1. Under the condition of being part of a strand (DSSP E or B) and under 14 Å from G114 (Cβ atoms), which residue from segment 91-102 is farthest from the chain's Cα centre (by Cα)?
2. Looking at segment 100-108, is at least one residue within 21 Å of S7 (Cβ to Cβ) and out of contact with any Leu (no Cβ under 6 Å at 6 or more places or on another chain)?
3. Quick one: how many residues across segment 68-92 are without any contact (Cβ under 8 Å) to a residue 60 or more places away in the chain and within 21 Å of S25 (Cα to Cα)?
4. Every residue in segment 40-90 that is part of a loop (DSSP other than H, G, I, E, B) and buried (at least 20 other Cβ atoms within 10 Å of the Cβ), please.
5. Quick check: anything in segment 95-102 open to solvent by 40 Å² or more (accessible area, probe 1.4 Å), of a type outside the set (D, E), modelled with pLDDT of 95 or more and farther than 14 Å from F37 by Cα?
Amino acid sequence: QLQLVESGGGLVQPGGSLRLSCVASEFTLDNYAIGWFRQAPGKEREGVSCISSTGADTYYILSVKGRFTISRDNAKNTVYLQMNSLKPEDTAVYYCAATSFRHCVLGLRPSDFGSWGQGTQVTVSS
């Protein structure tokens, strides 16, 4: 199974920025659409963003659109999530995940993604 590792999380003040990275080890990532998900304490995991295998198409949920940017560098087997203007409600563990489809699946549902990283904590607090 495809193995993914997230990094880049941390503690940031409201309005600050972080860049998350998702790296695939010993596997090529260029045939997979990649999604970013998050899970806050006491809440279900939700999809945040997705990028197609080539990077040509991207998707964001409304609450992060205009603040977050997803990108990928297939030569480095890496997908990024640039997060700007962070808010306390963005606090969560963030996960990257891969689907066998080359394009993002409508709804960005966790059940459509088969390979997951271990997550990285993002905390937005003053």
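The values are calculated or read from the model by the stated rules, or taken from the named source; none is laboratory data. Computed from a predicted model, the values in this text were never measured in an experiment. Quick reminder, even Gly has a Cβ in these numbers, built from the backbone with ideal geometry, and neighbours come from all protein chains shown. Heavy atoms of the whole protein, side chains included, go into the accessibility calculation; ligands, DNA and RNA do not. Shrake-Rupley method; radii C 1.70, N 1.55, O 1.52, S 1.80 Å.
1. T99
2. Scanning segment 100-108, I find no residue that is within 21 Å of S7 (Cβ to Cβ) and out of contact with any Leu (no Cβ under 6 Å at 6 or more places or on another chain), so the answer is no.
3. 10
4. Within segment 40-90, S53, V64, L86 qualify.
5. Within segment 95-102, not a single residue is open to solvent by 40 Å² or more (accessible area, probe 1.4 Å), of a type outside the set (D, E), modelled with pLDDT of 95 or more and farther than 14 Å from F37 by Cα.
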